[in-house]
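Here is the structure we will look at.
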Amino acid sequence: MAIEERTGRYRLYRVVPSVLHLNLQETTTGTLYTSYQSGYDQATQRTIDGLSTGELIEATLSGDPEVETDPWRLGGVERVGGVLTDFVTESELPDVARDCWGAGRTGPTWTTLTKAGEAVGACGVQPRTPLPDGAFVPNVLAGLLPLEPLFQQIPGLGEPPAELLFVDADAPTATSYTEPYGVVLAFTRAGAALADEYRDRWELPRGADSRPAYDPYGL
C-alpha cells in the first residue's frame, strides 16, 4: 500500500444520509475524491459535521490512489468559503425554467433573473440525457457533476453565486420523468429577496437539510 497525501482546495458534496462518505472535487484539476465522513479526532469531526454541500475547504487527503474502492481520509480541514446549496424535488417548476427550456431544446441554457430591473441571478436548465441514469438532482447530491465553474461564477453575470437552488419536478426514485430537464437557480448576494420568493414557494428555509431522503444504491 502506497499512501499519498494531497493538499489543496476542495468543493464538498455531502451525499445523502444513507451513504457514509463525502465526495470532494479539487477545484483546480476537477479531480473527484471520496472521503470518510466519520472516524476522526473530535475537533476534525466537529468541523466535518458542520459542513454542507457547496462548502469550499482546504484540506489534506491521504490514501492509496491505486485502490479506487478505498475512501481517502481528511486532515487539516479548514472552511474557506462556500455557496449555500439547497434542493427541491417533486415540485412544480418555475415558469422561467419552462420558458428557458423552450420548444426543441436539447442542450443546457441560461437566462438572467432580475429584481426591480437589476440582474441578480440566473436560471439554468440541464437536459437529463447526458447524465448517469438520466438523473439530475441525485447526481448533484452525490458530487458526480463537474459543477465547480457554476460555484465560482453565474453564467451571463460574471459574479459568484451566494446560493444555488437545484429543482427537479420528479422524485429521485422516478423511472419516468415529467420533464426532460432539471433546473438550477443561481442568485447573487443582491438576489436574496428574489431567492426568498422561491424559497417561500417551496417552503425551503435557509439552513435546513433539504437533501431528498433516498438510497442511491437502491435505485
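Quick check on my filter: what residues within segment 112-128 are assigned to a loop (DSSP other than H, G, I, E, B) and over 17 Å from Ala97 (Cβ atoms)?
Hits for segment 112-128 are Ala116, Gly117.
Please go through segment 40-88 and give me each residue that is under 20 Å from Leu150 (Cα atoms) and either outside any strand (DSSP E or B) or among the small types (Gly, Ala, Ser) (or both), ordered by number.
Within segment 40-88, Leu51, Ser52, Thr53, Gly54, Gly81, Gly82, Val83 qualify.
Got at least one residue in segment 4-20 being in contact with a strand residue (DSSP E or B) (Cβ under 9 Å, 6 or more places away or on another chain), among the hydrophobic types (A, V, I, L, M, F, W, C) and either under 22 Å from Pro130 (Cβ atoms) or in a helix (DSSP H, G or I) (or both)?
Yes, segment 4-20 contains a residue that is in contact with a strand residue (DSSP E or B) (Cβ under 9 Å, 6 or more places away or on another chain), among the hydrophobic types (A, V, I, L, M, F, W, C) and either under 22 Å from Pro130 (Cβ atoms) or in a helix (DSSP H, G or I) (or both).
Quick check on segment 15-42: of everything there that is among the β-branched types (Val, Ile, Thr) and without any contact (Cβ under 8 Å) to a residue 40 or more places away in the chain, which residue is surrounded by the most Cβ atoms within 10 Å (Cβ to Cβ)?
If we take residues in segment 15-42 being among the β-branched types (Val, Ile, Thr) and without any contact (Cβ under 8 Å) to a residue 40 or more places away in the chain, then Thr34 is surrounded by the most Cβ atoms within 10 Å (Cβ to Cβ).
Enumerate the pairs (first residue in segment 179-194 and in the same structural domain as Arg105 (by TED's automatic domain parsing); second residue anywhere and basic (Lys, Arg) and assigned to a strand (DSSP E or B)) with beta-carbon separation below 9 Å, excluding pairs fewer than 6 apart on the same chain, so at least 6 apart or on different chains.
Listed pairs, sorted by first residue: Ala190/Lys115; Gly191/Lys115; Ala193/Lys115; Leu194/Lys115.
The values are calculated or read from the model by the stated rules, or taken from the named source; none is laboratory data. Just so we're clear, the structure is a prediction, and the values are computed from it rather than from any experiment. For neighbour counting, all protein chains shown are included, and Cβ atoms are generated from backbone atoms with ideal geometry for every residue, glycine included.
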